[in-house]
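Worksheet for the structure shown next.
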Amino acid sequence: TGRIGVSAGDEGFNGKLFWRQDGVVFRARISGPFGAGTVFINGNRRELTVTDRNGAVTELHDAEVELRQMYGWTIPVTSLRYWALGIPDPAGPAETSFGADGQLVQILQSHWQVDYGPYRNSAGQLMPRRLTAVNDDVKVRLIVDDWIFR
């Protein structure tokens with residue numbers, strides 16, 4: 001669980017994020033203050049289903065391209081799960097940078113620059129607490145409040 005913020009020019013949103021990953025399938029819930037404007041995103045690398053706050057369902061078969069067509073901007077939906085774990089998306093090449101302590105501090109991948117803030121211990125693992133992913137027109141901020149491993 002955590003918080004997400006996306007800004008693209010004059011547009012953007014912030015919300016609470018609940019993400020559950022089961023193999024290649026994920027379920028995400030993003031909600032505004034007091035649960036207002038909850039959006040559900042379910043899918044895998046190939047396709048997504050987005051259910052908006054009014055219950056309208058949209059199926060996306062190329063999420064990043066179709067999100068750009070719908071909103072004029074996109075977020076790295078398929079890569080975000082890997083970046084949140086502190087690893088590059090295995091689907092494409094990446095450049096990585098590490099700090100003096102050996103922790104990952106940056107990933108450059110698919111026209112995105114991903115910078116990592118502090119790490120914290122979770123179930124005996126050092127996991128990213130915060131990341132910021134930026135490309136030419138979008139900034140995504142993710143703060144992880146709790147990691148739960150099963």
| said: Return the residues of the range 1-29 that are small (Gly, Ala, Ser), under 13 Å from the mean Cα position of the chain (by Cα) and part of a loop (DSSP other than H, G, I, E, B); say none if nothing qualifies. | reply: none
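Would the range 41-61 turn up any residue that is part of a helix (DSSP H, G or I) and in contact with a strand residue (DSSP E or B) (Cβ under 6 Å, 6 or more places away or on another chain)? Steps first, please.
Step one: filter the range 41-61 for residues part of a helix (DSSP H, G or I), giving none.
Checking the range 41-61: not a single residue is part of a helix (DSSP H, G or I) and in contact with a strand residue (DSSP E or B) (Cβ under 6 Å, 6 or more places away or on another chain).
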| message | The conditions are (1) in contact with a helix residue (DSSP H, G or I) (Cβ under 9 Å, 6 or more places away or on another chain); (2) surrounded by fewer than 17 Cβ atoms within 10 Å (Cβ to Cβ); (3) within 27 Å of residue 148 (Cβ to Cβ); (4) not aliphatic (A, V, I, L, M), and residue 78 fails exactly one of them. Which is it? | response | (2)
| Is the range 106-120 home to any residue that is of a type outside the set (A, V, I, L, M), under 23 Å from residue 150 (Cβ atoms), surrounded by 11 or more Cβ atoms within 10 Å (Cβ to Cβ) and under 20 Å from the mean Cα position of the chain (by Cα)? | yes
| Quick one: which of 8, 56 is farther than 24 Å from residue 149 by Cα and loosely packed, with under 12 Cβ neighbours inside 10 Å? | 56
| said: Restricting to the range 21-51, name every residue that is of a type in the set (D, E, K, R), modelled with pLDDT of 85 or more and either loosely packed, with under 15 Cβ neighbours inside 10 Å or touching a Pro at 6+ places or on another chain (Cβ under 8 Å) (or both). | reply: 22, 27, 47
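Look at residue 132 and say whether it is on the phi < 0 side of the Ramachandran plot, assigned to a strand (DSSP E or B) and without any contact (Cβ under 8 Å) to a residue 12 or more places away in the chain. Talk me through it step by step, then tell me what you get.
Working: on the phi < 0 side of the Ramachandran plot: yes; assigned to a strand (DSSP E or B): yes; without any contact (Cβ under 8 Å) to a residue 12 or more places away in the chain: no.
It is false that residue 132 is on the phi < 0 side of the Ramachandran plot, assigned to a strand (DSSP E or B) and without any contact (Cβ under 8 Å) to a residue 12 or more places away in the chain.
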| task | Working only within the range 59-70, note down all residues that are exposed (fewer than 12 other Cβ atoms within 10 Å of the Cβ) and either under 19 Å from residue 133 (Cβ atoms) or of a type in the set (S, T, N, Q) (or both). | result | 65, 69
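Taking the range 98-146 only, how many residues are in contact with a helix residue (DSSP H, G or I) (Cβ under 8 Å, 6 or more places away or on another chain) and over 27 Å from residue 71 (Cβ atoms)? Spell out how you get there, then give the answer.
Initial filter on the range 98-146 (in contact with a helix residue (DSSP H, G or I) (Cβ under 8 Å, 6 or more places away or on another chain)): 107, 109-110, 112, 114, 127-128, 131, 133, 140, 142, 144.
After this cut, where a residue has to be over 27 Å from residue 71 (Cβ atoms) as well, the list is 127.
Qualifying residue count, the range 98-146: 1.
Has the range 66-73 got any residue that is hydroxyl-bearing (Ser, Thr, Tyr) and either part of a strand (DSSP E or B) or more than 18 Å from the chain's Cα centre (by Cα) (or both)?
Within the range 66-73, the subset hydroxyl-bearing (Ser, Thr, Tyr) is 71.
So of that shortlist, the ones also either part of a strand (DSSP E or B) or more than 18 Å from the chain's Cα centre (by Cα) (or both) come out as none.
No; the residues of the range 66-73 include none that is hydroxyl-bearing (Ser, Thr, Tyr) and either part of a strand (DSSP E or B) or more than 18 Å from the chain's Cα centre (by Cα) (or both).
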| Odd one out for residue 89 among (1) assigned to a loop (DSSP other than H, G, I, E, B); (2) touching a Phe, Trp or Tyr at 6+ places or on another chain (Cβ under 9 Å); (3) of a type in the set (D, E, K, R); (4) under 23 Å from residue 12 (Cα atoms) | (4)
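The values are calculated or read from the model by the stated rules, or taken from the named source; none is laboratory data. None of these values were measured; they are calculated from a predicted model. Here Cβ is always computed from backbone atoms with ideal geometry, including for glycine, and neighbour counts include all displayed protein chains.
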